[in-house]
């Protein structure tokens, strides 16, 4: 599954641009506009001051030349002022408003009456005028003689386009700087976002896509700013909780299935047990009567004629053992629990099967625990019955072979193993062997109740039994029994 960009139009990047960068740029533009306006106004005032300074610099020479009638000096001063690049025109009027000399276009000069009026005021004046479609800035300064009497008027002009061009150039430069600064800010914010936030969010997105693809063990990397690390840790905790919940649900379902299976097995075994108890009860009395009569008949017959009755009694005894197994399986027996020393239990069981071991010429090897085993609280007779059944099965499975009984102990449980070097058990039927009437022995040899009784005894003691393959080559039965007492007994 590829990483899809899931964030749409409204994401952290656009939010950062909309709510942080855009207001910042807006404030910067407003501030720059206001500053530009102030700078334009200051620039215009500076240009006016330049004209004023030019007028003041030639005022005294012009006043002296006008007072003394030095017309040539007057013309040279006006010409030199008009040659200054920033000056559009220079005009000199007498006290009556008549033009005396000029440098520049004639249409810019003021009428006689206006010049006389401006001169009579005795103060400096400035004004913008529209002349032939062009704005012209004029600065008027009265001229006075040595006695302080006004004897003329000086007019210095400058094109309005000079103001506009300079302000336009200044404005273009300011806008370029503002635009460049905005682009740099945008670039820095973009790079900063990618390095500080964007790459971590993309990593989180890839991790979430990995989890969504089925890898529930994958977790987000806790990196980046504190808020993103906090978010990643929260998501990881949520994923851990989900996995734990799924495992708990799976465990509960498995447990429920096991309980349901156990209930079905218990119901089936109870039904079989009731049937077996009825059959054993009905067959027990006739078999006992037949065996008693056969035994009495043997006393009356000579030995050479008694063999058929011996065969009959042998089969009757076999049927009695089968009935006894049926009763053991069918009757619910309340265990008589007491402290049992494991080594005594093992030795007693070995003695019980010694005759059968010799008849089958089997080597029975025992491997005791290396450490002392604590006593267990159990029904000794029932455990002996289970262990004897396992040993008999192993002996019968390997005539002339090897059977091994070993046991180990820990503070929590006792572990016994019975194994042989016989043909073993097919893996396809292992899970069925603990059920009643299931056997791998030929017909007429086994009833299929021995392992069912073993399983019932081990279960009622809180243990478990497992069937596997021995390293000797045959079958292996492992029994785990809980230790219910901390008292330890020495191993013999």
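The values are calculated or read from the model by the stated rules, or taken from the named source; none is laboratory data. All values reported here derive from a predicted model rather than from experimental measurement. A quick note on method: Cβ atoms are made from the backbone with ideal geometry, for glycine too, and the neighbour counts reach across all protein chains shown.
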Which condition does residue 46 not pass, out of (1) modelled with pLDDT of 75 or more; (2) under 24 Å from residue 159 (Cβ atoms); (3) in contact with a helix residue (DSSP H, G or I) (Cβ under 9 Å, 6 or more places away or on another chain), if it passes all the others? (3)
Would you say residue 179 is in a helix (DSSP H, G or I) and without any contact (Cβ under 8 Å) to a residue 12 or more places away in the chain? yes
Would a scan of segment 346-355 turn up a residue that is assigned by TED's automatic domain parsing to the domain that holds residue 402, in a helix (DSSP H, G or I) and surrounded by 19 or more Cβ atoms within 10 Å (Cβ to Cβ)? yes
What's the number of the condition residue 70 fails, among (1) modelled with pLDDT of 80 or more; (2) exposed (fewer than 11 other Cβ atoms within 10 Å of the Cβ); (3) in contact with a helix residue (DSSP H, G or I) (Cβ under 9 Å, 6 or more places away or on another chain)? (2)
Unique residue being within 29 Å of residue 14 (Cα to Cα) and modelled with pLDDT under 85 when the list is 205, 234: 205
Filtering segment 103-120 down to residues that are farther than 25 Å from residue 148 by Cβ and either out of contact with any helix residue (DSSP H, G or I) (no Cβ under 7 Å at 6 or more places or on another chain) or surrounded by fewer than 16 Cβ atoms within 10 Å (Cβ to Cβ) (or both) yields 105, 106, 107, 108, 109, 111
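Do we find that residue 394 is closer than 22 Å to residue 460 by Cα and crowded, with 18+ Cβ neighbours inside 10 Å in this structure?
Working: closer than 22 Å to residue 460 by Cα: no; crowded, with 18+ Cβ neighbours inside 10 Å: yes.
No, not satisfied.
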Can you run down the residue pairs with Cβ atoms below 8 Å, 6 or more apart or on separate chains, where the first is in segment 404-427 and at positive phi and the partner is surrounded by fewer than 20 Cβ atoms within 10 Å (Cβ to Cβ) and in a strand (DSSP E or B)? 424/469
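Looking at segment 208-236, which of its residues are touching a helix residue (DSSP H, G or I) at 6+ places or on another chain (Cβ under 8 Å) and part of a helix (DSSP H, G or I)?
Selection gives 208, 211, 228, 231, 232, 235.
Could you please let me know if residue 212 is surrounded by fewer than 16 Cβ atoms within 10 Å (Cβ to Cβ) and over 30 Å from residue 22 (Cα atoms)? Break it down into steps so the answer makes sense when it comes.
Numbers: surrounded by fewer than 16 Cβ atoms within 10 Å (Cβ to Cβ): yes; over 30 Å from residue 22 (Cα atoms): yes.
Yes.
So, residue 481, is that one at pLDDT 85 or above and within 19 Å of residue 369 (Cα to Cα) or not?
Details: at pLDDT 85 or above: yes; within 19 Å of residue 369 (Cα to Cα): yes.
Judged against the criteria, residue 481 is a match.
Could you tell me which of the residues 338, 318 is surrounded by fewer than 16 Cβ atoms within 10 Å (Cβ to Cβ) and modelled with pLDDT under 70? Please lay out each step first, then the result.
On the way: 338 fails: modelled with pLDDT under 70.
Within the list 338, 318, the selection yields 318.
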Scanning segment 164-193 residue by residue, the ones that are surrounded by 15 or more Cβ atoms within 10 Å (Cβ to Cβ) and over 27 Å from residue 14 (Cβ atoms) total 4
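Can you confirm whether segment 286-294 contains a residue that is at pLDDT below 80, outside any helix (DSSP H, G or I) and surrounded by fewer than 13 Cβ atoms within 10 Å (Cβ to Cβ)? Give the steps one after another, and end with the answer.
If we filter segment 286-294 for residues that are at pLDDT below 80, which is where we start, we get 286-294.
Add one more test, that the residue is outside any helix (DSSP H, G or I), and what stays is none.
Checked against the condition, which is being at pLDDT below 80, outside any helix (DSSP H, G or I) and surrounded by fewer than 13 Cβ atoms within 10 Å (Cβ to Cβ), segment 286-294 yields no hits at all.
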Filter segment 194-205 down to the residues that are in contact (Cβ under 8 Å) with a residue 40 or more places away in the chain and surrounded by 15 or more Cβ atoms within 10 Å (Cβ to Cβ), then identify the one that is farthest from residue 19 (Cα to Cα). 205
Report, by residue number, each residue of segment 116-130 that is at pLDDT 75 or above and touching a strand residue (DSSP E or B) at 6+ places or on another chain (Cβ under 6 Å). 118, 122, 124, 125, 126, 127
